Amino acid sequence: MRRLGRLFSKKKVVDEREQMEMFRIEHYMYWFTFWALLISILVQLIFMDALFRQVAGEWTVFLLMAAGLLIGELAGGHFDYNTRPGWKYYLAWSLLAAAAASGIALLNGIVHGWYESVSDVIQPLFISGVNTFLITYAALAAAGTFVKYRRRKLEEEYDEDDR
């Protein structure tokens, strides 16, 4: 029974340097798993003609990872390692997301033979690109606004603790 107690003990046996190394490894493996899971889902849906119900479990895990990360980062007042929230950041990532969504839609249509002429391609790609751009820009702007608000609240809490 004592061995079981040691297994679930909250006492640290690593120093700060080892803990930072472990966090770095966990960080890289989280992102590797996140993107590998997304690529796996897209490959199955596009190239293997899998139905959505066949990838629903993977999709659920992917969304749980994304939601958990989003909630944790926003609650902590974090936005990005290298940039601050701003319209240039929102614009760049929204354009990238729109290009990716249009590219995936184009690839999916080509693989499945949905397009017979150029006119069959332009409208769906334009609509998916514009919709993705608008949704991504709005989501990033909302997240950036919330992060700015959360940072102010956290700074106020730290200032009150210092008094």
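For the reader, a short list of remarks on this structure follows.
- Here's the picture: a label point sits 7 Å out from the Cα of residue 148 along the beta-carbon direction, and within segment 68-86 the residues with their amide nitrogen under 13 Å of it are 84-86.
- Summing charges over all other residues whose Cβ lies under 12 Å from the Cβ of residue 149, with Lys and Arg as +1 and Asp and Glu as -1, gives +3.
- Each peptide in 146-152, 24-30 receives the mean, over its residues, of other Cβ atoms within 10 Å, and ordering these scores from highest gives 146-152, 24-30.
- Spin-label pair residue 84-residue 61: with each label point 7 Å from Cα along the Cα-Cβ axis, the two points sit 3.9 nm from one another.
- The tail of the calculated P(r) for segment 38-89, taken as Cα-Cα distances beyond 15 Å, holds 60 percent of the pairs.
- Compactness of segment 6-63, expressed as Rg and Dmax over alpha-carbon positions, Å: 17.4, 49
- Only helices enter the 222 nm calculation for the chain: every DSSP H run of n ≥ 4 contributes -39,500 (n - 2.57), and dividing by all residues gives -28000 deg cm²/dmol, rounded to 500.
- Note on residue 157 and residue 91: their simple-model spin labels are 3.4 nm apart, each label 7 Å out from Cα toward Cβ.
- With protein chains left intact and a 1.4 Å probe, residues in the chain average 78 Å² of accessible area per residue.
- Option label - Rg and Dmax of the Cα atoms in Å computed here, alternatives [x] 21.6, 71; [y] 16.6, 51; [z] 30.6, 116: [x]
- Square roots of 5 times each gyration tensor eigenvalue, C-alpha, segment 114-163, largest first, Å: 47, 6, 4
- Per-residue extension of 0.36 nm, minus the Cα-Cα distance of residue 135 and residue 50, leaves a gain of 28.0 nm for this segment.
- Of the solvent-accessible surface of the chain, computed with a 1.4 Å probe and all protein chains present, 65% belongs to carbon and sulfur.
- Centroid-to-centroid separation of segment 32-71 and segment 90-147 [C-alpha atoms, Å]: 18
The values are calculated or read from the model by the stated rules, or taken from the named source; none is laboratory data. Since the model is a prediction, treat every value here as computed from it, not as a measurement. With ideal geometry, Cβ positions are generated from the backbone for all residues, glycine too; neighbour counts draw on all protein chains shown. Side chains are part of the model used for accessible areas, which takes the heavy atoms of the whole protein and leaves out ligands, DNA and RNA. Shrake-Rupley method; radii C 1.70, N 1.55, O 1.52, S 1.80 Å.
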